[in-house]
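Derivation of every value follows stated rules applied to the coordinates shown; laboratory data play no part. Keep in mind that what you see is a predicted model, and the values were worked out from it rather than measured. As a convention, Cβ positions derive from the backbone with ideal geometry for all residues, glycine included, and neighbour counts pool all protein chains shown.
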Amino acid sequence: MTVTTTDIPQRRELKTALPGPNSQALAARRSQAVAAGVSSTMPVFVARAGGGVIEDVDGNVLIDLGSGIAVTTVGNSAPRVVDQVQQQVADFTHTCFMISPYEEYVAVAEKLAELTPGDHAKKSALFNSGAEAVENAIKIARYATGRQAVVAVDHAYHGRTNLTMALTAKAMPYKKGFGPFASDVYRVPTSYPFRDPEGMTGEQAAQRAIGTAEKTIGADQIAAIIIEPIQGEGGFIVPAPGFLATIAQWCTDNGIVFIADEVQSGFARTGAWFACDHEGVVPDLVTTAKGIAGGLPLAAVTGRAELMDSVHAGGLGGTYGGNPVACAAALGAIETMQSDGLVARAAEIEQLATATLRQLQASTPAIGDVRGRGGMLAIEIVKPGTKEPDAALTAAVAKKCHEQGVIILTCGTYGNVIRLLPPLVISDELLTEGLQVLGQAFAELA
């Protein structure tokens, strides 16, 4: 039997104040059982979700503009994902690919070779989370090059494990108190058009980064540079045209592995299969997770076959990496993206939302910048007439939206960016209503 969530009304509906009594009761239980370090953006507990909405345990229906941080790109409990998962669970749930392999892992790797940038020979290794994929990409680059140094950029976010915390730029809440961190990790400036000197091109920003790396590390010591083609937690920063291509060419010229961290920006999210595609950049390695499997934990490193094959047998893997149920979900999610035209749908969402956000910007001096691609959009909030970040207003606007039943997320090194990550299956009507609530919040608070 196919289980779907199409019976959830695709409209915002608040039956109680948020949080309702059932969510409050669960919150009380949570406070006694769950570590305080695990935080939540919304104070409501979920009962069901599908399409562009989430229904809580009190019957409130909220507009979802977060997608579980870019995970439920195809919507929650998407029918093809549910079908594939149910069939796989009935067959077997785990054998460990390193012990006795199965076709689903191979099929996902084949899809990754087909969809990731470039037409060269590629291979993949599957893992559980974006941070795990990033760690393994670094392992592969170091092994293949025989070098140790790794370069990340300002405003980067790559995960919460020890090595990925070293790569991540933002201290609070991700790094504070958790050191010492992995060594031989260095940071260089990135391209941040809203905050770079006026008129700086992408090529100039890239040369600034390259100059810093060559002076402080030495190109011949660098194993890899890792960059999010559109930065996520750092503020949905879209680099100026030419930045990524210049960095990639410098890597090629100096035997450095160029790693594109597409954990948040990949799988149709930006109106292309991968954000690198917008710039025509072909990375040596690509890390993916989040949107790959419709909500189940799966991640991958995909790259040039000669790099992926450089590591000795047994050097890559993990007990749950490429779990068969998660692989089945990924095949269902990718089929949904392809069959339902979600790459094109992301571009439609960009067109609709950006027009509304720019109108809002024109009437709201606190909105300093509107940026993003596809269904990965953001507004940066500043003190009017300046570029000084206004984290307090950002938090207040987000809170007001949450109270009105619209899930939005914040981000940014300075805590002053509102990011929008709607499921790509959201209707125009729901998206428009969510943006109207956002506009009303600014009207009341800005």
Under-5 Å amide H pairs with Tyr186, H placed in peptide plane, nonlocal only: Val150, Val151, Ala152
C-alpha center-to-center spacing [the range 291-325, the range 126-145] in angstrom: 9
Options Ala171, Pro229, Asn136, ranked by Cα towards positive dipole end of the range 81-339, top entry (Cβ charges): Ala171
Whether the range 195-304 is rounded, prolate or oblate, judged on the alpha carbon gyration tensor where a/c under 1.5 counts as rounded: oblate
Whether the range 81-339 is rounded, prolate or oblate, judged on the alpha carbon gyration tensor where a/c under 1.5 counts as rounded: prolate
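Could you compute the net charge surrounding Ala113? Neighbours are other residues with a C-beta less than 9 Å from the C-beta of Ala113; K and R count +1, D and E count -1.
On the way: positive: Lys111, Lys122, Lys123; negative: Glu110, Glu114.
Value of the local net charge: +1.
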Rounded to whole Hz, the Karplus (6.51, -1.76, 1.60) HN-Hα couplings of the range 259-271, x for glycine and proline: 9, 9, 8, 9, 4, 8, 8, x, 6, 6, 4, 9, x
Ranked packing of 296-307, 356-367, 399-410, most packed first, by mean Cβ within 10 Å: 296-307, 399-410, 356-367
Where labels lie 7 Å past Cα in the beta-carbon direction, separation of Glu306 and Lys176 in nm: 4.7
Mean residue ellipticity (222 nm) of the chain, computed from DSSP H runs ≥ 4 via -39,500 (n - 2.57), nearest 500: -11500 deg cm²/dmol
Net +/- balance of residues flanking Arg80 in space, Cβ distance below 10 Å, scoring K and R +1, D and E -1: -3
The range 81-339 - percent relative contact order, Cα under 8 Å, separation 6 or more: 31
Listed residue (Ala206, Ala156, Asn254) projecting farthest to the positive dipole end of the range 81-339, Cβ model: Ala156
Distance from the range 212-264 to the range 33-65 (C-alpha centre basis), Å: 36
Amide N proximity, the range 303-334 versus Tyr143 label position 7 Å along Cα-to-Cβ, cut-off under 19 Å: 303-323
Gain on full stretching of the segment that runs from Ala355 to Lys399 - 0.36 nm per residue minus C-alpha separation: 13.5 nm
Simple spin-label estimate for Leu26 and Met98 in nanometres, 7 Å along Cα-Cβ: 3.5
Sequence ranges 210-218, 185-193, 107-115, ranked by mean other-Cβ count within 10 angstrom, highest first: 185-193, 107-115, 210-218
Residue exposure sequence - Ile426, Ile69, Ile418 - by fewest surrounding Cβ within 10 Å: Ile69, Ile426, Ile418
Positive minus negative residues near Ala245 (Lys, Arg vs Asp, Glu; Cβ under 12 Å): -2
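Going by the alpha-carbon gyration tensor, a ≥ b ≥ c the square roots of its eigenvalues, is the range 364-407 rounded (a/c under 1.5) or, if a/c is not under 1.5, prolate (a/b greater than b/c) versus oblate?
Oblate shape, in that a/c is at least 1.5 and b/c is the bigger or equal ratio.
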Mean-position separation - Cα centroids, the range 147-210 and the range 102-121, in angstrom: 29
Given charges at beta-carbon only (K, R positive; D, E negative), |dipole| of the chain in Debye: 1140
For Val257, residues with placed amide H under 5 Å, excluding near neighbours: Ala224, Ile225
